[in-house]
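Below: the structure, in structure tokens.
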Amino acid sequence: MVVLALCRICEPIAFMSIFPYVYYMVSSFHVADDKAQIAMYVGMVTSAFAFAECATGVLWGRLSDRIGRKKVLLGGLLGTGVSMCLFGFARNLPMALLARALGGLLNGNIGVLQTTVAELVTVEEHQPRAYSIMPFVWCLGTIIGSGLGGILAEPVKNYPSLFPPGCIFDTYPYLLPNLVCTMVVGFGLVLGLLFLEETHEEKKHERDCGIDVGRWLLRKLLKSRGDKPLSDKDGSLEETHSMLAEYSLPAYQSTESSPTLCSTRSSLTEPPPYSINSLEKINQQQPTWRDAFSKQVCLNILGYGILAFHTISFEQLMPILMSLPASTIPAHLPFKFQGGFAFSTKTIGFILSVQGVLQMVAQLFIFPIISRRIGSLHTFWLVIFAYPFLYLVTPYLVLLPEKFRLPGVFMILAWKVTAQSLAYPSLAIMLANAAPTKKVLGTLNGAAASSASVCRGFGPTISGMIQSRGQTIGYSGLSWWTCAAVALIGCIPSIFMKEERRRPGFRSLDKDEDEEASLCDTLVDGDSDTSSIILTLEDTAKIEHMPIGTNHERRSDGSLKAY
């Protein structure tokens, strides 16, 4: 999870770095004389990435089901780096659109990342914390990315002593933040190549030359420092082997076809012949499309799309609101007013960075607590019905006295990031739990990512057009109220959502701890009755058809557990 998080943080840094300056960048293309039209073109630049991503989201998800998660994740990072570099050299609108679209086509990491997390987490109680890590990393990346974009844009204008007129950054005033982001993405690519392990159930035991090189480098580094080279697996496995050897019953050390507590046919340090519950692997068949895309899965994917539409519209409209010049035209309440805050790129970058800090706090501390107490579905309901009110009140910030505007902005941002931090992970958990098997998780998450991407594509474009129209007729809140209507529509499918537990092999922490404690008590207590672990002939017949390396345990209800 740590390595995955370090790879993940590169993308929000690159993605969010454009928001502080994209309005000024599009304005420098001179595609429109009317400032109200610039918002529409800003929406097009923002949407290009999402539209392209939706075209390949399912493709990357299905590809990850076939070739593994790591290859697709690293390919997505490479695509992000290439697109950011091209975007920095854009001097006209078509070039900017092409660069953003290329990044979307080559990046399918959203769905694959969700799949990877789902494969790493097999205990229900761990889900809220695990599913908060990637959004937390995204928030941290938005802080860094927004700061980089705001500080490094137009370096000749902001830092003339370091970047004199006539240098390359004078010709390409937005190249510097993109070059820095490209280097960050390159670092994540190298890190993932060397240390990111495969999680696909059928691919994770294949040899990975990148992992071998990474471990060799770590051994050399530890040796040069005088530390004892350690393996993250061998030590713990050897300790486990010695403990089991000490406490195992003699009958369970046989290498024949008789039942074993822990098989001795293969070394514990070698990859087991099956990487998942063997009994599940035998009984599990590839689900049909109808089984995979159940009613709850489809409702979840629809919820992803609608949520993505209005949340990405907020991400675009808020910087525009902060960039627009203040209006001198008197307001005619309750609806007719216009104008913005006229903040500089540095101020916008600072505000967006603070937004990232607020979202980190909400993601890391608020979401896990609420999700554990009321469940994923009720957590989603808690925020989805509040979104329309958020969009209704936001445009009225421009009517506040000047000294109250900045506090008002931060209050709205705190509301927004808390809702977003609760909504997206809840949907991700419900989708993972509704999947019939891990074999289709990549496809389902890819479909959800495509649904979100297509709506992220339409969202900024449509809201940008409505924003331009609203500015022209004097209703600057028109786009915000449209988002409120869309958010209200999004409440409808959420009413029919349910929490499911379709995925096999998913277990509860308390139950597992009770079973393990009971088994250990049986093994170490010499006076205890061992009849509870004696297997019947019928059980033995079942075991003989199971693969080598399968362990068995008698449950309290008399059934046989294989793992």
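Scanning the stretch 166-224 for residues that are aromatic (Phe, Trp, Tyr) and open to solvent by 40 Å² or more (accessible area, probe 1.4 Å) yields a count of 4. Summed over the stretch 39-51, residues that are open to solvent by 10 Å² or more (accessible area, probe 1.4 Å), under 24 Å from Cys181 (Cβ atoms) and over 17 Å from the mean Cα position of the chain (by Cα) total 4. Taking the criterion of being open to solvent by 10 Å² or more (accessible area, probe 1.4 Å) and of a type outside the set (A, V, I, L, M, F, W, C), the residues of the stretch 12-33 that qualify are Tyr23, Tyr24, Ser27, Ser28, His30, Asp33. Which of the following residues is in contact (Cβ under 8 Å) with a residue 40 or more places away in the chain, over 25 Å from Gly356 (Cβ atoms) and touching a Ser or Thr at 6+ places or on another chain (Cβ under 6 Å): Leu422, Leu441, Leu488? Checking each option against the conditions leaves just Leu441.
If the condition is being within 25 Å of Pro460 (Cα to Cα) and buried (at least 21 other Cβ atoms within 10 Å of the Cβ), then the stretch 57-78 contributes Gly57, Val58, Trp60, Gly61, Gly76, Leu77.
Look at Gln316 and say whether it is under 20 Å from Ala419 (Cβ atoms), more than 18 Å from the chain's Cα centre (by Cα) and in contact (Cβ under 8 Å) with a residue 40 or more places away in the chain.
Values: under 20 Å from Ala419 (Cβ atoms): yes; more than 18 Å from the chain's Cα centre (by Cα): yes; in contact (Cβ under 8 Å) with a residue 40 or more places away in the chain: yes.
Taking the combined requirement at face value, the residue satisfies it.
Which residue is farthest from Gly57 (Cα to Cα), if the candidates are limited to the stretch 94-105 and must be hydrophobic (A, V, I, L, M, F, W, C) and modelled with pLDDT of 90 or more? Restricting to residues being hydrophobic (A, V, I, L, M, F, W, C) and modelled with pLDDT of 90 or more, the top hit is Met95.
For residues that are hydroxyl-bearing (Ser, Thr, Tyr) and farther than 17 Å from Ser17 by Cβ, scanning just the stretch 160-190, find the one that is nearest to the chain's Cα centre (by Cα). Reasoning before the result, please.
Initially, the stretch 160-190 is screened for residues hydroxyl-bearing (Ser, Thr, Tyr), giving 161, 171-172, 174, 182.
Remaining after also requiring farther than 17 Å from Ser17 by Cβ: 161, 171.
Working: Ser161: 40, Thr171: 36 Å.
This residue is Thr171.
Taking the residues in the stretch 305-337 that are polar (S, T, N, Q) and open to solvent by 30 Å² or more (accessible area, probe 1.4 Å) as candidates, determine which candidate is farthest from Ala487 (Cα to Cα). So, considering only residues that are polar (S, T, N, Q) and open to solvent by 30 Å² or more (accessible area, probe 1.4 Å), the one farthest from Ala487 (Cα to Cα) is Thr328. Scanning the stretch 321-348 for residues that are more than 21 Å from Pro20 (Cα to Cα) and either within 33 Å of the chain's Cα centre (by Cα) or among the β-branched types (Val, Ile, Thr) (or both) yields Thr328, Ile329. For the stretch 86-119, the tally of residues that are more than 27 Å from Glu198 (Cβ to Cβ), in a helix (DSSP H, G or I), open to solvent by 10 Å² or more (accessible area, probe 1.4 Å) and of a type in the set (A, V, I, L, M, F, W, C) stands at 6. Of all the listed residues (Val357, Val361), the sole one being closer than 30 Å to Lys157 by Cβ and either open to solvent by 40 Å² or more (accessible area, probe 1.4 Å) or at pLDDT 85 or above (or both) is Val357.
Could you list all residues from the stretch 320-354 that are part of a helix (DSSP H, G or I) and at pLDDT below 80? Working first, answer last.
First, pick out the residues of the stretch 320-354 that are part of a helix (DSSP H, G or I): 320-323, 345-354.
Once the filter is applied, which keeps residues that are part of a helix (DSSP H, G or I) and at pLDDT below 80, the stretch 320-354 yields Thr345, Lys346, Gly349, Leu352, Ser353.
Within the stretch 58-83, residues that are over 15 Å from Cys10 (Cα atoms) sit with their Cβ atoms under 6 Å from residues that are modelled with pLDDT under 90 and among the acidic types (Asp, Glu), at 6+ positions apart or across chains, in these pairs: Gly68/Glu198; Lys70/Glu198.
Taking the numbered list (1) open to solvent by less than 30 Å² (accessible area, probe 1.4 Å); (2) over 19 Å from Leu324 (Cβ atoms) in turn, Ile348 passes all entries but (2).
One residue stands out among those in the stretch 370-389 that are without any contact (Cβ under 8 Å) to a residue 60 or more places away in the chain and part of a helix (DSSP H, G or I): the one that is most open to solvent (accessible area, probe 1.4 Å), which is Arg373.
Taking the stretch 18-45 as the range and being over 16 Å from Ser323 (Cα atoms) and in contact (Cβ under 8 Å) with a residue 40 or more places away in the chain as the test, the residues that pass are Phe29, Val31, Met44, Val45.
The values are calculated or read from the model by the stated rules, or taken from the named source; none is laboratory data. Quantities reported herein were computed from a predicted structural model and do not represent experimental measurements. Cβ atoms come from the backbone with ideal geometry, glycine included; neighbour counts cover every protein chain shown. Surface accessibility is based on the protein's heavy atoms, side chains included, excluding ligands, DNA and RNA. Shrake-Rupley method; radii C 1.70, N 1.55, O 1.52, S 1.80 Å.
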